[in-house]
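One structure is given below, encoded as C-alpha cells.
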Amino acid sequence: MKMFDYVKPATLAEAVAAAAQPGAAYIAAGTNLLDLMKGGVSRPDRLVDVTHLPGLDRIEHLPDGGVRIGALVSNAGLAHNADFAKAYPAVAEALLSGASAQLRNAATVGGNLLQRTRCAYFYDTASRCNKREAGSGCDAREGENRLHAVLGWSATCIATHPSDFCVPLAALDAVVEIEGKNGRRELPLDELYRLPGDTPERDNVLEPGDLIVAVRLPPVSRNFAAHARYLKVRERTSYAFAVVSVAAALQIENGRISEARLALGGVAAKPWRASAAEQVLKGATPDAANFREAAQSALTDAKPSGDNAFKIELARRVMVRALSLAATGTPARMPALPASVFASNSGALHA
Amino acid sequence: MTHSISLTVNGTRREIELNDPRVTLLDLLRERLQLTGTKKGCDRGQCGACTILVDGKRINSCLALAISHDDAEIVTIEGIARGDQLHPVQAAFIACDGFQCGFCTPGQIMSAIGLMREGQAGVDPERIREGMSGNLCRCGAYAGIVDAVLEAQACQTEANQRRSA
C-alpha cells in the first residue's frame, strides 16, 4: 500500500477543505477503500478520516414523514433499526443481502453509495481499464464478461455498480445531501451517478471535497411498506454480489396497483430505475401477465456487452418474481435468507 | 509522523505509538501486540479469519485502520476465556467438532459470539448459516460449526432463563 498522510478533521468544514486538495480521499470504515489501496487500485496521497465527525451517525424520522439517514450509520445499524425496517422493508432486505455480517457492521451508508465496481479488470492492475486509468483501454470487452452491464454501458466501460442498498433507494426516490466547498446541496440519488460514456473514470458527479452527509427518503416512500421486496440472484446463496437484482414496491388499492416503484441492480454502472415498467403497472391488476409486460418494457433498451445476453432474460424473470413477491405482501419477519430466490416462499410463477 | 492512539484490548488499556498510518487492526494485534490468535487469511475482507469484536461488534480487522480506532474497545480470541475456563462458544466448538485444521477457528468463534450478541439468528440453523457466511472454512467443518453455534445459543438461553427464574 502506498504511504499516505492521515488527517482527522474536527469539523465538516475542515474535512471538506482537507479533502478538496489533489490526491486526497475520504475514508470512513474503509471496507472498500482499504481493499482497493492494498491492491494498488486506489493510491491516495492523503486520507481524510470522517469517522469521528459529529452528527453523521443518526437515523432521524422527519416531521414530514420522511427519514434522514446519516452517512456514518452502518449498514447493519440501519437494517436492524426496527422502525426503519418496518417502514422501508425492501431497503432493509437489500442491506441484509449484501456482503457479510462483519462487513455490514463496519460499512457505512455514505461509503456504500460510493463503492467502486467489482469488475475484475478494474481490480487487476496488470489489465487495461479505462475506469482505473483513463484512456488505457478495456480488457473486460474481450474478457470474462458474463456478469457485466447490459444497460447504459459504452464502448469504453461495461462495469456494473455493485451496491444492493442503492437499488431500493433508487426505486424510492432517495435524495443525497452533499457538503462541499460551496456549502450544502442535494441531488436525487439517480443523478448522483454517471453512466460511463467516454469518461468511465468518473463514477459520479461529486467534485473534489464533496462529502455525502446524509440520504433522505421522501414521505411517500413509506406508503409501499406493505408490498416491498428486494430479490437478488447470486452465484452462491450468501455473501456474493448480484448477478441481477430487483427492488419492487407496490401500492395496491381495491385490487389494482395505484403506484409502483422498480429498480434493477447488477445491470448497469448505476442502480437502474425502471420508470417505463412503473407506468405499465400503474392502474393495472397485480397479475403475472401485467408483471411480464412491465418486465418486458424495463429491458427494452438492454443489449449484451459480452457473454451476458442471459442477464437480459434473467432480469425480466427476476423482476416478475420480485413483483409477485411484493404483491403477495411484505413478510412479517425478515426472511432467513434475505432477498434469496431459495427462500421457502420464493414467489415462483408457474405457467 | 507519529500518531498516538489508546485501545482497550481484552480489558487492558494500551497506549500505542503508530509511526505508520497504514497499520491495520489485524497487523497491530499480530505484529505489535503479539496477539497472534487472530489470523490473517485473505487480508482482503473475504475469509473472516481476522474477525474480532470492536466496541462489541464483529468486524474484519484486516479492513480497519488502527489509527482510525482511537479509544476503541477490542476483544480477540485471547480475551474470551476466564483463566482455564473456556468461553461457552469455545467449549461448544470442541464438543461439536466445529473445526479440523483450526486456522479459521478464532475468526469463527469471534463471529459466533458477535452473531449471538446481535440476536438475529436464535436457534434457526438457516439464520445461523446466513449469519456466519462471512467466515470461510476450507476444511469444510460447516456442519460442526452450525451445531456449535446452536449448542452455545441453547446454553446461553438456558443460563438466561435460570438467571431470571
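The values are calculated or read from the model by the stated rules, or taken from the named source; none is laboratory data. Keep in mind that this is a model prediction, so the values were computed, not measured. In this analysis, Cβ positions are derived from the backbone assuming ideal geometry, glycine residues included, and neighbour counts consider all displayed protein chains. Quick note on the areas: whole protein, heavy atoms, side chains included, nothing else; ligands and nucleic acids left out. Shrake-Rupley method; radii C 1.70, N 1.55, O 1.52, S 1.80 Å.
Looking only at the stretch B:65-103, count how many residues are open to solvent by less than 20 Å² (accessible area, probe 1.4 Å), more than 30 Å from B:Ser4 (Cα to Cα) and not small (Gly, Ala, Ser).
The qualifying residues number 2.
Among the residues of the stretch A:268-283, is there at least one that is open to solvent by 10 Å² or more (accessible area, probe 1.4 Å), farther than 25 Å from A:Thr160 by Cα and in contact (Cβ under 8 Å) with a residue 24 or more places away in the chain?
yes
I need the helices (runs of 4 or more DSSP H) fully contained in the stretch A:1-99, keeping only those with at least 1 residues that are away from every other protein chain (no Cβ under 14 Å) and not aliphatic (A, V, I, L, M).
A:12-19, A:82-87, A:89-96
When you go through A:Arg216, A:Arg222, A:Arg234, A:Arg194 one by one, which is the residue that is modelled with pLDDT of 95 or more, within 20 Å of A:Thr108 (Cα to Cα) and charged (D, E, K, R)?
Values: A:Arg222 fails: within 20 Å of A:Thr108 (Cα to Cα); A:Arg234 fails: within 20 Å of A:Thr108 (Cα to Cα); A:Arg194 fails: within 20 Å of A:Thr108 (Cα to Cα).
A:Arg216 is the lone residue from the list that is modelled with pLDDT of 95 or more, within 20 Å of A:Thr108 (Cα to Cα) and charged (D, E, K, R).
Give me the strands (runs of 3 or more DSSP E) completely within the stretch B:21-82, filtered to those with at least 3 residues that are within 17 Å of B:Ala112 (Cα to Cα), ordered by residue number.
On the way: elements: B:51-54, B:57-60, B:73-75.
Because the criterion is at least 3 residues that are within 17 Å of B:Ala112 (Cα to Cα), the strands (runs of 3 or more DSSP E) in the stretch B:21-82 that meet it are B:51-54, B:57-60.
For the stretch B:1-52, give me each residue that is within 24 Å of B:Gly102 (Cα to Cα), hydrophobic (A, V, I, L, M, F, W, C) and out of contact with any helix residue (DSSP H, G or I) (no Cβ under 6 Å at 6 or more places or on another chain). Walk me through it before giving the result.
Going through the stretch B:1-52, the residues within 24 Å of B:Gly102 (Cα to Cα) turn out to be B:9-10, B:24-52.
The next check asks that each one be hydrophobic (A, V, I, L, M, F, W, C); those that pass are B:9, B:25-26, B:28-29, B:33, B:35, B:42, B:47, B:49-50, B:52.
Answer for the stretch B:1-52, where residues must be within 24 Å of B:Gly102 (Cα to Cα), hydrophobic (A, V, I, L, M, F, W, C) and out of contact with any helix residue (DSSP H, G or I) (no Cβ under 6 Å at 6 or more places or on another chain): B:Val9, B:Leu29, B:Leu33, B:Cys42, B:Cys47.
Run B:Cys101 past the list (1) over 14 Å from the mean Cα position of the chain (by Cα); (2) within 11 Å of chain A (Cβ to nearest Cβ); (3) of a type outside the set (Gly, Ala, Ser) and report the number of the one that doesn't hold.
If we test B:Cys101 against (1) over 14 Å from the mean Cα position of the chain (by Cα); (2) within 11 Å of chain A (Cβ to nearest Cβ); (3) of a type outside the set (Gly, Ala, Ser), just (2) comes out false.
Go through the stretch A:62-119 and give me each residue that's polar (S, T, N, Q) and without any contact (Cβ under 8 Å) to a residue 40 or more places away in the chain.
Once the filter is applied, which keeps residues that are polar (S, T, N, Q) and without any contact (Cβ under 8 Å) to a residue 40 or more places away in the chain, the stretch A:62-119 yields A:Asn81, A:Gln102, A:Asn105.
In the set A:Phe241, A:Phe224, which member is open to solvent by 10 Å² or more (accessible area, probe 1.4 Å) and either aromatic (Phe, Trp, Tyr) or in a strand (DSSP E or B) (or both)?
Details: A:Phe224 fails: open to solvent by 10 Å² or more (accessible area, probe 1.4 Å).
When all the criteria are applied, what remains is A:Phe241.
Quickly run through the stretch B:3-18 and pick out the residues that are within 11 Å of another protein chain (Cβ to nearest Cβ) and out of contact with any Phe, Trp or Tyr (no Cβ under 7 Å at 6 or more places or on another chain). Lay out the reasoning, then the answer.
So the first thing to find is which residues in the stretch B:3-18 are within 11 Å of another protein chain (Cβ to nearest Cβ), and the list is B:3, B:5, B:18.
If the condition is that a residue be within 11 Å of another protein chain (Cβ to nearest Cβ) and out of contact with any Phe, Trp or Tyr (no Cβ under 7 Å at 6 or more places or on another chain), then B:Ile5, B:Leu18 are the ones that fit.
Do the conditions hold for A:Ala247, that is, is it surrounded by 18 or more Cβ atoms within 10 Å (Cβ to Cβ) and modelled with pLDDT of 95 or more? Break it down stepwise before answering.
Values: surrounded by 18 or more Cβ atoms within 10 Å (Cβ to Cβ): yes; modelled with pLDDT of 95 or more: yes.
Answer is yes for this residue.
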